[in-house]
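Dropping a structure here in structure tokens format, bear with me for questions.
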Amino acid sequence: MSIKPDDIEGLLPARVQDVHLYDPLREPIIYDLSDNTSQWGMAPGVASRIESLAKNDSKMLSRYPDIYGGKLKIALAKTYSKYLSDNPAENIVVGCGTDDVLDCIVRALTNEDDLVLNPMPSFPMAGYFAKFNGRRVQGVELEQDGSLDVDAIVRAQAKLVYICSPNNPTGLSIPLEQIELILEQSKGFVVVDEAYAEFSDQNCLEFLERFPNLIVMRTFSKLHALAGLRIGFGLGDKKAIAAIEALRGPYKANTIAIEAAIASISQLKFQSDVIEQTRQARDWFILELYKLGLTPVDSDANFVFIPLKSVDGYKTAFELAEISVRIFESLPVYGSGIRITIAPKEILSKVLAVLATLNISSRL
């Protein structure tokens, strides 16, 4: 007797039967300030390198890409060699965005039913990937000031602890001394997602030499404005990286993404200018928000989170202004709020104009 359509659900593994697709809540709009990608665009030379692949190096596009992103690893090794081993390429894994790297980390470094710990509120994908792959997931709420409950995390003794710093959606960096304590007392792996670290004054790179159970993830989606090409990487102990790469599989990063990332990583002056402009706009924007009677969370990232009593009316108001921001309801610790990507002042001024029209009682 053949299988019928109604039988398919029963054939699916239990861990995926109630899986829901990730929804970033993005809609077509003129000003997209919802996903924290750089509003200053790609570095000089990146667009021309992409164009040259079609015009002058088209054979590269008709062949499979660099199997494990080795060419990009070499470029990254030059940038991060201070924190890596004598053969730094062994300490780097390249993927189709850091989501891909994180998925491979979960599958490679944990077993079914192992515990994966994800602070809340934070970027949720570690929990998603853990659940998809049959791991147990535990959330530990952040403290009100955005720091970690170190004792609770250490007590859990998870096989993998995920930490986002600066944290998304709050924008607050996790104190380095807390991350160090967790690394010292953990019996498993600690993943620190530094997608926004370039906009902060701190990072965990110095810990790589001391803690072989640490993996630091970084991305080309934010500062480098290459989110559409999906390219990210992880740094860590060579044995852990080898396991992650083996589970990752070949050809995950495409040729255009690899070449664009290589072209972008060397543009240090451009990166420095974007970071400075982002920080200046961020500081100005936070002050302007206070003038409106709002209480934004101080941010180390390229976005600002504004806690609100209610977000009623915010979606409609921003849609009418053709601006997209990320709206949250019922977040752990913080409740409702909106997250706004930092952009040049002329764009943020449009955001401020929308906020000024909304009922003050809904903000407090």
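Bear in mind these aren't lab numbers, they're just calculated from the coordinates by the rules spelled out. Owing to the predicted nature of the structure, the values given are computational and were not obtained by experimental measurement. With ideal geometry, Cβ positions are generated from the backbone for all residues, glycine too; neighbour counts draw on all protein chains shown.
Based on Cα coordinates alone, diagonalise the gyration tensor for the chain, multiply each eigenvalue by 5, take square roots, and list the semi-axes in whole Å, largest first. Intermediate values should be presented prior to the final figure.
On the way: eigenvalues 197, 144, 106 Å².
Semi-axes, largest first: 31, 27, 23 Å.
Roughly what % of DSSP beta bridges within the chain run antiparallel, to the nearest 5? Walk me through the numbers before you get to the answer.
On the way: 19 of 39 bridges.
Within the chain, antiparallel bridges account for around 50 percent of the total.
Please order D300, D312 by the number of other Cβ within 10 Å, starting at the fewest. Don't skip to the answer; put the middle values down first.
On the way: D300 21, D312 13.
Exposure proxy ranking, most exposed first: D312, D300.
OK, next. For the range 40-128, what mean projected area does the convex hull of the alpha carbons give, in nm²? Show your work: numbers first, answer last.
Values: hull surface 37.5 nm².
The directionally averaged projection comes out at 9.4 nm².
If each residue of separation counts as 0.36 nm, what is the full-extension length gain between K238 and K309 once their alpha-carbon separation is subtracted?
On the way: separation 71, 0.36 × 71 = 25.56 nm, distance 4.70 nm.
So the extension gain works out to 20.9 nm.
Do the alpha carbons of any pairs in K59/K239; K73/K131; K291/K345 sit beyond 27 Å of each other, and which pairs? Mind dumping the intermediate values first?
Values: K59/K239 34 Å; K73/K131 30 Å; K291/K345 16 Å.
Going by Cα-Cα distance, K59/K239; K73/K131 fall outside the 27 Å limit.
Can you work out the Karplus-derived ³J(HN,Hα) for every residue in the range 74-81? Use 6.51 cos²θ - 1.76 cosθ + 1.60 with θ = phi - 60°, whole Hz, and x for glycine or proline.
Running phi through 6.51 cos²θ - 1.76 cosθ + 1.60 with θ = phi - 60° gives 4, 5, 5, 4, 5, 6, 10, 4 Hz.
Where does each of 179-190, 101-112 land if you order them by average Cβ count within 10 Å, highest first?
Numbers: 179-190: 18.1, 101-112: 21.3.
Put in order of decreasing packing, that is 101-112, 179-190.
Could you pull out every residue, at least 5 positions away or on a different chain, whose amide H is within less than 5 Å of the one on M120? Hs are placed 1.01 Å off N in the peptide plane, and Pro or chain starts have none.
V140, E141, L142
What FRET efficiency would be calculated for the residue pair D86, L176, taking the C-beta separation as r and a Förster radius of 41 Å, to the nearest 0.05? All intermediate terms of the calculation are to be shown ahead of the outcome.
Numbers: r = 26 Å, r/R0 = 0.63.
Calculated value: 0.95.
Determine the equivalent ellipsoid of the range 227-364 by diagonalising the alpha-carbon gyration tensor, then write out the semi-axes as square roots of 5 times the eigenvalues, largest first, rounded to whole Å.
Details: eigenvalues 259, 74, 43 Å².
Each semi-axis is √(5λ); the values are 36, 19, 15 Å.
Turning to a different aspect of this structure: Scan the range 282-334 for trypsin sites (Lys or Arg not before Pro) in coil per DSSP, keeping those whose Cβ has at most 13 other Cβ atoms within 10 Å, and list them by number. Could you put the intermediate results ahead of the total?
Values: sites: R282, K291, K309, K315, R326; in loops: K309.
For trypsin sites (Lys or Arg not before Pro) across the range 282-334 that sit outside H, G, I, E and B with at most 13 neighbouring Cβ atoms in 10 Å, the list reads K309.
Quick check: the distance between the Cα centres of the range 251-312 and the range 146-223, to the nearest angstrom?
What the calculation gives is 19 Å, centre to centre.
Still on this structure: With a sphere of radius 15 Å drawn around the Cβ of D149, what net charge do the other residues whose Cβ falls strictly inside it have (Lys, Arg +1; Asp, Glu -1)?
Result for the neighbourhood of D149: -4.
Taking the Cα-to-Cβ direction at R15 and at A246 and moving 7 Å from each Cα, how far apart do the two end points lie in nm?
Label at R15, label at A246, 1.8 nm between them.
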